[in-house]
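Heads up, the thing below is written out as structure tokens.
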Amino acid sequence: MSRVGRLTAETRAASLAFLRRRTAVFFTFFFPVIIVVIFGVLVQTQPGGGGLFTEPPSFYAPGYLAVVVLFTPLSRVGSEVARHRDGNRFEKLATTPLTRTEWLLAQTLVNVVIIGIAGLIILGMMVWLTGATIRPSGLLLPFVGLGVALFCAVGAMLGSLADSQDGVIAASNGLALPLLFLSETFVPQSLLPAWLPTWLSPLTYFSRGVRAATTGTGDALGPLAVLTVCAVVGFVLGARLLPQTD
């Protein structure tokens, strides 16, 4: 079987595995909508009022997208790696032509499609419910794709290093929650301590780039370059850490 054939078969298998987990489907598509309703409709923004949620609604587009770009790959890929380890599936995969890089790439492709659809729903809900002015450019797609690839790779690292599925979930949440609120997503940089090194977080570059790509203001190419490097390096490390046998 050719490499394309192997990738196609594994991508199809990963897609069916996701669709069979109805709870995962529900939370992937509806949890971000709940977040938009809570923060965008119930809390609402108050421009110029001081404190949190004082920016225009469009400012928070990166935060809402980050919910799925960050949490979904970390938990899904991390848990999938842990399940493979528990079931000795990597040992079985080692007897097939499918490489670890191809396996992770297939998982990433599935997540890119799933999260891309969820992202469209989020942006549509923002425009409908909050009146946000969203002017997406073509650069939005690579930001979402690279962000998903990066955190799929991080999820693979967590799944390879954690000792159980519960450990993966705990590590995912422990990593994702601080990143979500300390990477210029929901909280503007002006409200964060000056000493906080937000530039170390790859999610910061996702936030800056998505904000530029959805509002038309700010630099998008610089953050895109940094995010590309992070995604490539992360993917290589994630693939190398995947176990060949258990």
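Quick notes on this structure:
- Which listed residue is open to solvent by less than 70 Å² (accessible area, probe 1.4 Å) and either without any contact (Cβ under 8 Å) to a residue 24 or more places away in the chain or outside any helix (DSSP H, G or I) (or both), from 104, 123, 98: 98
- Among residues of segment 148-188, those that are closer than 21 Å to residue 55 by Cβ, in a helix (DSSP H, G or I) and touching a Gly at 6+ places or on another chain (Cβ under 9 Å), counted: 2
- In summary, residue 238 fulfils each of the numbered conditions (1) more than 18 Å from the chain's Cα centre (by Cα); (2) at pLDDT 90 or above with the single exception of condition (1).
- Output for segment 181-205, where each listed residue is within 26 Å of residue 105 (Cβ to Cβ) and in contact with a Leu (Cβ under 7 Å, 6 or more places away or on another chain): 183, 201, 202, 203, 205
- When each of 67, 110 is tested for being crowded, with 19+ Cβ neighbours inside 10 Å and out of contact with any Pro (no Cβ under 9 Å at 6 or more places or on another chain), the lone residue that passes is 110.
- Members of segment 160-214 found to be touching a Phe, Trp or Tyr at 6+ places or on another chain (Cβ under 8 Å) and among the β-branched types (Val, Ile, Thr), listed by number: 185, 187, 210
- Segment 221-246, residues that are part of a helix (DSSP H, G or I) and in contact with a Phe, Trp or Tyr (Cβ under 7 Å, 6 or more places away or on another chain): 223, 224, 226, 227
- Segment 189-220, residues that are assigned to a helix (DSSP H, G or I) and of a type in the set (Gly, Ala, Ser): 190, 207, 209, 212, 213
- Some residue of segment 171-187 being of a type in the set (Asp, Glu) and crowded, with 17+ Cβ neighbours inside 10 Å: yes
The values are calculated or read from the model by the stated rules, or taken from the named source; none is laboratory data. As the structure is a computational prediction, the values presented were derived from the model and not from experiment. Here the Cβ is made from the backbone with ideal geometry for all residues, glycine too, and neighbour counts use every protein chain on show. For accessibility, only protein heavy atoms count, side chains too; no ligands or nucleic acids. Shrake-Rupley method; radii C 1.70, N 1.55, O 1.52, S 1.80 Å.
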